[in-house]
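Laboratory data are not the source of any read-out in this text; all were calculated from the coordinates shown. Since we're looking at a predicted model, the values are computed, not measured. Cβ sites come from the backbone with ideal geometry, for glycine too, and all protein chains shown count toward neighbours.
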Amino acid sequence: MIVDNISRKPQRSVLRTRVLAALRDRIINGDLAPGANLGEVQLAAELKVSRTPLREALHQLVEEGFAEYTPHCGARVVKPTQDHVTDVFQIREALEGISAREAARKFDPVRLVEVRRRFEEIRSAVAAGDYRDVGDFIHQEMLEACRNVRLQRLISVYMSQIHWFQDIASGVPGQLRQAYREDESILAAIESRDGDWAETAARAHVRNTLQALLPELPTREQPPARRTRRAVPDE
């Protein structure tokens with residue numbers, strides 16, 4: 001029996017990870033909208049899992065800032081507010097600024113040529129209004145090039161939330177075109193091996209993304225409407 005229990009633990013861990021990834025993806029891509037209830041019975045049926053790994057995944061979503069528990073309602077998707085997003089982007093700005101500065105000094109020259117080639121491949125698509133390939137690859141390459149494992153671990157804590165917020169910002173007209181131009185400035189600074197310029201460009205990009213995102217969000221979450229008693233008609 002002990003051996004059987006031990007063998008089940010890795011399987012349960014894999015199942016929990018799969019459920020967590022599925023729910024996180026649904027939140028980031030908007031299938032589970034901010035404020036949506038995360039009902040255990042319905043989600044367990046949809047994902048074809050028992051409620052135990054589902055509950056574990058929901059607890060992890062709460063830890064990551066994607067969900068919260070509310071009295072008498074259970075778990076629901078967090079509604080991002082301006083304060084919430086600002087806090088995360090302030091952390092992102094500091095960490096990516098350091099990452100850009102270090103990448104300007106440490107980026108492998110051969111890899112840098114490949115990154116520039118890939119960046120140029122999507123230029124004509126962006127000019128034609130196709131932004132499907134405008135993403136985070138410059139930032140990911142920069143983060144890897146800085147070779148700071150501790151910094152990478154710190155930013156990984158917030159990366160899923162950052163992707164969620166950026167997906168919201170991508171709906172702002174002109175934002176993806178602007179992001180492409182700002183990424184090119186970061187890349188040019190790294191190619192020039194100018195750490196000051198690279199950090200300044202990276203920080204400016206994060207701040208500009210935040211400013212585009214803030215008008216899309218409430219200043220604070222509105223409390224749920226109070227239920228009023230239905231008046232009892234007079235006899």
Review point. Between THR17 and VAL62, what length comes free when the chain is fully extended (0.36 nm per residue of separation minus the Cα-Cα distance, one decimal in nm)?
Key: 14.8 nm
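When the dipole is taken about the Cα centre of the chain, and only Lys, Arg (+1) and Asp, Glu (-1) are charged at their Cβ, what size is it in debye, to the nearest 20? Intermediate values should be presented prior to the final figure.
Values: 35 positive and 35 negative charges, 151 e Å.
That gives a dipole near 720 debye.
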**Study point:** Other-chain or far-sequence residues with amide H under 5 Å of LEU32's (modelled H)
**Key:** ILE27
Check your understanding: Which of ASN29, VAL134, ALA188 sits farthest toward the positive end of the charge dipole of the chain, with +1 on the Cβ of Lys and Arg and -1 on the Cβ of Asp and Glu?
Key -> ASN29
Check your understanding: To the nearest 10 degrees, how steep is helix 51-64 against the longest Cα principal axis of the chain, on a 0 to 90 scale?
Key -> 50 degrees
Point to revise | Nitroxide proxy distance, nm - points 7 Å out along Cα→Cβ at ASP167 and ARG117 | key: 3.2 nm
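Using a 10 Å cut-off on Cβ atoms, rank the peptides 198-204, 41-47 from the highest mean neighbour count down.
198-204, 41-47
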Check your understanding: Which percent of Cα-Cα pairs in the chain sits in each 10 Å bin, short to long?
Key -> 7, 25, 28, 22, 12, 4, 1, 1, 0
**Study point:** the chain: most fluctuating residue of GLU68, GLU114, GLU40 per GNM, C-alpha cutoff 10 Å
**Key:** GLU114
Practice item. Normalising by the residue count of the range 1-136, find the relative contact order in percent from Cα pairs under 8 Å and 6+ residues apart. Key: 19 percent
Check your understanding: What angle do you read, to the nearest 10 degrees and between 0 and 90, between the alpha-carbon axis of helix 175-191 and the longest principal axis of the chain?
Key -> 40 degrees
Revision key, fill the gap. Connecting every pair of Cα atoms under 10 Å apart in the chain and solving the GNM, the largest mean-square fluctuation among SER160, SER124, SER170 falls on SER124
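I'd like the per residue volume of the convex hull spanned by the Cα atoms of the range 2-77, given in cubic angstrom.
Working: hull volume 7.3 nm³, N = 76.
Hull volume over Cα atoms, normalised by residue count, gives 96 Å³.
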Study note, to complete from the structure: quick shape note, the range 82-216: Cα extents on principal axes in Å, largest first -> 39, 37, 22
Revision key, fill the gap. Checking LYS106, LYS48, LYS79 against a Gaussian network model of the chain (alpha-carbon springs below 10 Å), the top fluctuating residue turns out to be LYS48
Check your understanding: Helix 149-169 versus the longest principal axis of the chain: what angle, 0 to 90°, nearest 10, using Cα atoms?
Key -> 70 degrees
